[in-house]
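Novice: Below is the structure I would like to discuss, written out as structure tokens.
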Amino acid sequence: RQMCIRDSTYRWMALGLLITFAAAFVTATTPLFYVVNSLYLLFTIAELALVFVLSARVQNMSVGAARGVFLGYALLNGMVLSYYFLAFDLGTLVLAFLATSLYFGLMAVYGTTTHKDLSGWGPKLMMALFALLITGFVGVLFGMGFMGTVLYSGIGLVVFMLLTAYDTQKLSQMYSYYAGDSELAEKASIYGALTLYLDFINIFLYVVRLLGLNSRRRD
């Protein structure tokens, strides 16, 4: 039963990623981009609200509502991320996706198979995320420079790779707890899909930035 929940999680995650990348491509190549650009703040607030609702209220939602919120978030996030399809060439994006799949897959396998308890990583990774958030905000205000951006992106990549292993192990424990209730198990798979989706997307974004920096330096 636990394996079925895990498989469902990865299927929903894959569907979410497919919707996100399709939405990003369509938005970037049609006039829809100008709508998203003009309402960027509204779209960003809306997608953050959907993440909050699904994370905080998933147990009280119906399975259909949880699925709808997750897929809605994936759609909105793709529209917001459409900028990357304009800022980077397709080759860079494809290479970044392949590298992300490799990094994510390795860490997910480690988190699933290791006998080491990774729960102690949680507080440290949360502190690292907070530090990344503050550093990113300061960088937007004052700039980072080339080496600063490389260091920031490299640290961000490592943090989300470690988070992938941590989240994978934590989700496995959660699946074991909910395996006896089919409805809660399905909700757990949606929540797990969101968690791992966020890890994947953040790894992808940091990889894209590093590849983009490397390309600009060569030019």
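Novice: So what is the accessible area of the range 126-197 per residue, in Å², with the probe set to 1.4 Å?
Specialist: For the range 126-197, the solvent-accessible area averages 49 Å² per residue.
Novice: Could I ask something else about it? Please report the net charge: other residues with Cβ closer than 13 Å to the Cβ of F104, K and R +1, D and E -1.
Specialist: Spelling it out: positives minus negatives among the neighbours equals -2.
Novice: Just to confirm, what accessible area per residue do you get for the range 1-80 at 1.4 Å probe, in whole Å²?
Specialist: Accessible area per residue: 55 Å².
Novice: Right, something else. Please compute the length gained on full extension between M61 and S182, using 0.36 nm multiplied by the number of residues separating them and subtracting their Cα-Cα distance.
Specialist: Here the answer is 42.1 nm.
Novice: For the chain, what is the charge dipole size about the Cα centre, in debye to the nearest 20, if Lys and Arg each add +1 at the Cβ and Asp and Glu each add -1 at the Cβ?
Specialist: That gives the chain a dipole magnitude of about 240 debye.
Novice: Here's a follow-up. Where the accessible area of the chain is counted over protein heavy atoms with a 1.4 Å probe, how much of it, in %, is carbon and sulfur?
Specialist: 70
Novice: Can you work out the FRET efficiency for the pair S101 and F25, with r the C-beta to C-beta distance and R0 = 22 Å, to the nearest 0.05?
Specialist: So the FRET efficiency works out to roughly 0.80.
Novice: Which of the DSSP-defined H helices in the chain satisfy a minimum axial length of 27 Å, computed from C-alpha atoms, and a minimum mean Kyte-Doolittle hydropathy of 0.0?
Specialist: The answer, listed by residue number, is 2-28, 90-113, 121-142, 146-178, 182-218.
Novice: Continuing with the same structure: Find how many whole Å separate the alpha carbon centroid of the range 52-72 from the alpha carbon centroid of the range 124-168.
Specialist: After rounding, the separation between the Cα centres reads 28 Å.
Novice: Name the most mobile residue of G180, G192, G105, meaning the one with the largest mean-square fluctuation, in a Gaussian network model of the chain with Cα contacts below 10 Å.
Specialist: Evaluated over the chain, the most mobile residue of the options is G180.
Novice: Heavy atoms only, 1.4 Å probe, whole protein assembly: order I19, I134 by accessible area, highest first.
Specialist: I134, I19
Novice: Of M161, M144, M174, which is the most mobile in a GNM of the chain whose springs link Cα atoms less than 10 angstrom apart?
Specialist: Comparing M161, M144, M174 in a Gaussian network model of the chain, the most mobile one is M144.
Novice: Also, I was wondering about something else. For the chain, set up a Gaussian network in which alpha carbons nearer than 10 Å are linked by springs, and say which option among S189, S38, S82 fluctuates the most.
Specialist: Answer for the Gaussian network model of the chain: S38.
The values are calculated or read from the model by the stated rules, or taken from the named source; none is laboratory data. Just so you know, these numbers come straight off a predicted model, no measurement behind them. Neighbour counts are summed over all protein chains in view; Cβ atoms, including those assigned to glycine, are modelled from backbone coordinates with ideal geometry. For the accessible areas, the whole protein counts, side chains as well, though only heavy atoms, and no ligand, DNA or RNA atoms are used. Shrake-Rupley method; radii C 1.70, N 1.55, O 1.52, S 1.80 Å.
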